[in-house]
Amino acid sequence: MMKIDVLSLFPSMFEGVLHSSIMKKAQENDAVSFHVTDFREFSTNKHHKVDDYPYGGGAGMVLKPEPIFAAVESITKGAANKPRVILLCPQGQRFDQKKAEELANEEHLVFICGHYEGYDERIRQHLVTDELSLGDFVLTGGEIASMAIIDSVVRLLPNVLGNAESPVLDSFSTGLLEHPQYTRPSDFKGLKVPDVLLSGNHGNVEKWRQEQSLLRTYERRPDLLKNATLTAHQSDFLKQLAKREK
């Protein structure tokens, strides 16, 4: 079972997310356990302050090292293996599916959700193993980012999703965007499902899906093609697409 700890000043933000839908199912199936800690509880200040003015001046407040170090030490005390301690930060590595797959192999993850103008640098240098960001934008805190990352990691764990192939065929897992999906009815207001999907010919269906996956990636995220692993058929199809552009 994977263990996930979250350090946050606003633990109540996680109640709905971690106890609903797939996250709830993952806990019921003993795939993961969650624990959210208010690191304000580890402040030694009589007013339970966890932030202070930065040395050298500047706008805003910075999170102090003492409460966060103490919280992580409390969580990891007696642990056989050191966990991955993840700092949510706009300056961090951009999170992607490859990173989600990497983290899904860990036994214990600790997420540190910051607020204010940043962290004391000693937290970065001497406590965390990873700094992650959802993208080139700034949120008011690390809570929403950590929820997104936790969701993307936990759904990859065994016995979480109903179909074991689901995470394998997801967009980005193959290096390409996922092909279009259709369900019943086959004709909705004159909008029809492609004939190939109704043919019963599994070879043609797979060929169509490969083409559509490549076409969608080519049109929407051509940057992904640089590192994508293509089948022989997809390589030929990509050449055809390139010729059409000319």
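The values are calculated or read from the model by the stated rules, or taken from the named source; none is laboratory data. Since the structure is predicted, the reported quantities are computational estimates derived from the model, not experimental observations. Here Cβ is always computed from backbone atoms with ideal geometry, including for glycine, and neighbour counts include all displayed protein chains. Note: areas computed on protein heavy atoms with side chains; ligands, DNA, RNA excluded. Shrake-Rupley method; radii C 1.70, N 1.55, O 1.52, S 1.80 Å.
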Notebook entry, point to check: Using every alpha carbon pair in segment 124-220, what percent of pairs falls into each 5 Å bin from 0 up to the bin containing the largest distance?
Noted result: 2, 10, 13, 15, 17, 15, 10, 8, 6, 3, 2, 1, 0
Checklist line | Nearby lysines by direct alpha-carbon distance to K25 (threshold 17 angstrom, same-chain neighbours under 8 apart not counted) | finding: K3
Check: Hey, any idea what % of the chain's accessible area is carbon plus sulfur with a 1.4 Å probe?
Finding: 49
Margin query: I need the fraction of alpha carbon pairs in segment 47-167 separated by more than 20 Å, rounded to a whole percent.
Written below: 48
Notebook entry, point to check: Where in segment 59-149 are there chymotrypsin sites (Phe, Trp or Tyr not before Pro) that are in a DSSP coil and have at most 13 other Cβ atoms within 10 angstrom of their Cβ?
Noted result: F137
Check: What does the chain give for Rg and for Dmax, in Å, if only its C-alpha atoms count?
Finding: 22.6, 72
Notebook entry, point to check: Of the residues L87, L109, L215, which exhibits the maximal mean-square fluctuation in a Gaussian network model of the chain defined by a 10 Å Cα contact cut-off?
Noted result: L215
Check: Semi-axes, largest first, in whole Å: what does sqrt of 5 times each Cα gyration tensor eigenvalue give for segment 1-86?
Finding: 29, 16, 11
Checklist line | Per residue solvent-accessible surface (Å²) - segment 75-158, probe of 1.4 Å | finding: 50
